[in-house]
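Chemist: To start, I am sharing the structure in question, which I have written as structure tokens.
The values are calculated or read from the model by the stated rules, or taken from the named source; none is laboratory data. For clarity, every value in this text was computed on a predicted model and none was experimentally measured. Note that each Cβ is placed from the backbone with ideal geometry, even for glycine, and that neighbours are counted across all protein chains shown. Just the protein is used for accessible areas: all its heavy atoms, side chains included, with ligands, DNA and RNA removed. Shrake-Rupley method; radii C 1.70, N 1.55, O 1.52, S 1.80 Å.
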Amino acid sequence: MSQAMEEGSATNSSSEAVSSEIHGVDLVSKLPTREGWPGPPLVLYKNYWLRPLYVATIMGLQNSGFKPRHDDIILATNPKCGTTWTKALIFAINNRFRYEFGSHPLLFRHPQELVPSIETPRDGNISYIEKLPSPRVLGTHMPPSLFPKSMVSDGFRVVYMCREPKDVFVSLWHFQKEIFKDNTTSLEAVFSMFSEGFSTFGPFWDHCLEYWRESIASPEKVLFLKYEDMISEPVKYVIRLAMFLGVPFSTKEEEDGIPEEVVRLCSFEKLSNLDANQTGEFTLSGNRVLKKSAFFRKGKVGDWVNHMSEEMGRKLDCIVEEKLKGSGLVF
Ligand code: A3P
């Protein structure tokens, strides 16, 4: 079975194994729902809009006994903020002593397969995560307020990758249409929803703010990164990332250009052109499939201008500015 990966991607059996039922009552069906985005209605769970399958899995995680290890790295993102890229970067940094760049696993396997996600169980349950050797890298779209109780205040570290909201919105719209093979939902139709905070793992700004505040309170525990910064100065941020991960580049490595090698290996140009990422499909819930290439669209900063009017852009900017006011977080 393909490893499940992103938004809307848990495999068929996952919701059966990580159950959201208590005394035979399906708790997900009791929650408010709203339609509008491609695919089934989103469910409101503790202030966040999620796909029903994710709610089931996240509820199930509460009772699963899942416990992070003190040396775990949690890669947290809102969907479409650069999860795939950051998975590749962390994998490349952590494993740089194990593999030659010329025969690296990233050349043959999709980053979403190399770094699993907590809430998209493989083979129907999360027990495989327990079997992974330390130090583990685990992806998640959960904000801290949705973490299972067992995850709170453990020694693990978090890398949070954030992205400019207009580009996130455009990327999300394309991706949702791709997942649900939807050619009819217009960008205009979902724009007002995103602006209201109604999107998968939205409100987008609440998600960012939760991690932003954690990163200010505990910078040694939470590294807050921005996609745009990473694009403009990738080597600088790869060096910073390695430091945070506890595997800093040595002076010799920097002289030898190893950070640059990591950046090259994980670049959009490199990864998006590999056969492993170009061909093949992931299996989604409901027997749907998603092309592996769907995780590589343009990889550009500012693509929103090609899809949204200036007025829409200004409107979303104003909303986001208002929501983030006083926090110190700006885009
Ligand atoms: P676009 O749709 O704007 O092109 P995620 O991995 O969180 O789903 O995010 C997907 C977004 O990251 C997509 O943005 C995708 O093209 C971009 N992306 C994927 N790999 C990348 C890479 N190596 N470098 C930069 N951006 C990348």
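Chemist: Taking the range 278-296, which residues are within 15 Å of the ligand (Cβ to nearest atom) and open to solvent by less than 60 Å² (accessible area, probe 1.4 Å)?
Modeler: Selection gives PHE282, LEU284, LEU290, LYS292, SER293, ALA294, PHE295, PHE296.
Chemist: Scan the range 111-120 and tell me whether some residue there is within 16 Å of the ligand (Cβ to nearest atom), of a type outside the set (Ser, Thr, Tyr) and under 15 Å from PHE268 (Cα atoms).
Modeler: Within the range 111-120, one or more residues are within 16 Å of the ligand (Cβ to nearest atom), of a type outside the set (Ser, Thr, Tyr) and under 15 Å from PHE268 (Cα atoms).
Chemist: Keeping to the range 68-84, report how many residues are away from the ligand (no atom under 16 Å from the Cβ) and out of contact with any Asp or Glu (no Cβ under 7 Å at 6 or more places or on another chain).
Modeler: Looking only at that region, the number is 4.
Chemist: Consider the range 79-102. How many of its residues are closer than 24 Å to LYS252 by Cα and either assigned to a loop (DSSP other than H, G, I, E, B) or among the small types (Gly, Ala, Ser) (or both)?
Modeler: Residues that pass the stated criteria total 9.
Chemist: Report every pair of residues separated by at least 6 positions or lying on different chains whose Cβ atoms are under 9 Å apart, first residue within the range 306-319 and closer than 13 Å to SER192 by Cα, second of a type in the set (S, T, N, Q).
Modeler: That search, which allows pairs on different chains as well, returns MET312/SER195; LYS315/SER195; LEU316/SER195; ILE319/SER195.
Chemist: Checking VAL301 against (1) of a type in the set (A, V, I, L, M, F, W, C); (2) touching a His at 6+ places or on another chain (Cβ under 9 Å); (3) in a loop (DSSP other than H, G, I, E, B): exactly one of these is not met. Which one?
Modeler: Result: VAL301 fails condition (2) only.
Chemist: Let me ask you something else. Among the candidates PHE331, PHE268, which residue alone is of a type in the set (A, V, I, L, M, F, W, C), within 16 Å of the ligand (Cβ to nearest atom) and under 21 Å from HIS207 (Cβ atoms)?
Modeler: Within the list PHE331, PHE268, the selection yields PHE331.
Chemist: Then there's this: Check PHE108, PHE101, PHE97 and return the single one that is away from the ligand (no atom under 12 Å from the Cβ), of a type in the set (Phe, Trp, Tyr), without any contact (Cβ under 8 Å) to a residue 12 or more places away in the chain and open to solvent by 10 Å² or more (accessible area, probe 1.4 Å).
Modeler: One residue alone meets the criteria, PHE97.
Chemist: Sticking with this one: Cβ-Cβ below 6 Å, separation at least six or inter-chain, first residue in the range 163-179 and outside any loop (DSSP other than H, G, I, E, B), second of a type in the set (Gly, Ala, Ser): which pairs?
Modeler: Pairs found: LYS166/GLY313; GLU178/ALA294; ILE179/GLY8.
Chemist: Another question about this same structure. Give just the number: which of (1) free of Cβ contacts under 8 Å to residues at least 24 places away in the same chain; (2) within 10 Å of the ligand (Cβ to nearest atom); (3) under 29 Å from SER192 (Cβ atoms) does GLY299 not satisfy?
Modeler: It is condition (1) that GLY299 fails.
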